[in-house]
1. Applying the selection to segment 26-69, what residues are part of a helix (DSSP H, G or I), open to solvent by 70 Å² or more (accessible area, probe 1.4 Å) and either at positive phi or not acidic (Asp, Glu) (or both)?
2. Among the residues that make up segment 71-85, is at least one of them in contact with a Phe, Trp or Tyr (Cβ under 6 Å, 6 or more places away or on another chain), of a type in the set (Asp, Glu) and either surrounded by 14 or more Cβ atoms within 10 Å (Cβ to Cβ) or not in a strand (DSSP E or B) (or both)?
3. Could you check Val108 against (1) in contact with a Phe, Trp or Tyr (Cβ under 6 Å, 6 or more places away or on another chain); (2) buried (at least 21 other Cβ atoms within 10 Å of the Cβ); (3) over 22 Å from Gln163 (Cα atoms) and say which number it fails?
4. Could you check how many residues of segment 162-190 are open to solvent by 30 Å² or more (accessible area, probe 1.4 Å) and not basic (Lys, Arg)?
5. Scan segment 122-137 for residues that are touching a residue at least 40 places away in the same chain (Cβ under 8 Å) and either part of a helix (DSSP H, G or I) or polar (S, T, N, Q) (or both) and jot them down.
6. Report, ordered by the first and then the second residue, all pairs with beta carbons closer than 9 Å, sequence separation of six or more or different chains, a first member in segment 157-177 that is among the hydroxyl-bearing types (Ser, Thr, Tyr), and a second member that is open to solvent by 30 Å² or more (accessible area, probe 1.4 Å).
7. Could you give me the residue pairs with C-beta distances under 6 Å whose first residue belongs to segment 93-119 and is more than 20 Å from Thr80 (Cα to Cα), whose second residue is open to solvent by 40 Å² or more (accessible area, probe 1.4 Å) and charged (D, E, K, R) wherever it lies, and which are 6+ apart or on separate chains?
8. Being surrounded by fewer than 20 Cβ atoms within 10 Å (Cβ to Cβ), of a type in the set (S, T, N, Q) and either out of contact with any helix residue (DSSP H, G or I) (no Cβ under 7 Å at 6 or more places or on another chain) or farther than 15 Å from Pro107 by Cα (or both) is the requirement here; does Asn193 meet it?
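The values are calculated or read from the model by the stated rules, or taken from the named source; none is laboratory data. These numbers come from a predicted model, not from an experiment. Positions of Cβ are backbone-derived with ideal geometry, glycine not excepted, and every protein chain shown enters the neighbour counts. SASA here: full protein model, heavy atoms, side chains in, ligands and nucleic acids out. Shrake-Rupley method; radii C 1.70, N 1.55, O 1.52, S 1.80 Å.
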Amino acid sequence: MCGNNGRYGLLTSVLIIMSLTVTQLRAETLQILTYEESPFALRVGKTHKGLLVDMLKELFSRTDLQYELKFIPLKRAIITTERMPGHCVLPVGRSQEREASFHWISPVLVSRYGLYSRDDVIIPLTTLSDAKPYTIGSFLGSGIGEYLTDLGFDVDLASVSAQNLRKLKRSRIELWAAELISAREQMQKQAINFGAPELIFYTSLRAMACNREMSLETTLKLEQALTSMYLDGYMSELYLEYGVEI
């Protein structure tokens, strides 16, 4: 009987160790949430591609951390990350309202924003204030949409950025607030050309926001890896591949 008890005890110990190991591995695999915004992140069949996808691959290769990339709408990604440990979302604009809710890895994306009008309509804009009479399209969870809303602009929010091209073409909005690289890519993809923006009004440093329960050790690993990517020129070379200098 003692022999059987010993074997059962050993088997139980092995199962407990295996369970703990699986739990630990899951905990060490960060869930990275992003949303489709060409050319930064997009799904092509079963593969992912884009500037941010390339950046993430290099970032994690410089650490001993594992990650899994998932695509969901930005608003839901932010809420999920705030509520669930082991999650991060990018790219996200930092704001006073969001600052204390996350750990931040920054900057993962340098962005310039412009206001676009229909190609058959000229809306002369010298300063951002000149856009106050117009309805401006942005999308849910967008930092720039929140920025314009806080300034008192009439902002119409779509669920995803690409919907704003069709809304502008159909005159459902009068201006479209968009990141310049993304706007150019989306116009090419949808064969809609609004030309150059009426006004370039904002430059931002977008970040990766992570759940507050992420350990200091993991945060430092990611911060140090990102810093090294700027220092050794990797980020400059990456942006040049996408036609932009930083």
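1. Arg26, Ala27, Lys57, Ser61
2. no
3. Val108 satisfies all of (1) in contact with a Phe, Trp or Tyr (Cβ under 6 Å, 6 or more places away or on another chain); (2) buried (at least 21 other Cβ atoms within 10 Å of the Cβ); (3) over 22 Å from Gln163 (Cα atoms) except (1).
4. Of the residues in segment 162-190, the ones open to solvent by 30 Å² or more (accessible area, probe 1.4 Å) are 162-163, 166, 169-172, 174, 184-185, 188-190.
Narrowing further to those that are not basic (Lys, Arg): 162-163, 171, 174, 185, 188, 190.
So the answer is 7.
5. Passing the criteria: Thr126, Thr127, Leu128, Asp130, Ala131, Thr135.
6. The qualifying pairs are Ser159/Pro73; Ser159/Lys75; Ser159/Leu140; Ser161/Glu36; Ser171/Arg118; Ser171/Val121.
7. As it stands, the answer is Leu115/Glu198; Ser117/Glu198, since those pairs meet every condition given.
8. For Asn193, the condition - surrounded by fewer than 20 Cβ atoms within 10 Å (Cβ to Cβ), of a type in the set (S, T, N, Q) and either out of contact with any helix residue (DSSP H, G or I) (no Cβ under 7 Å at 6 or more places or on another chain) or farther than 15 Å from Pro107 by Cα (or both) - is met.
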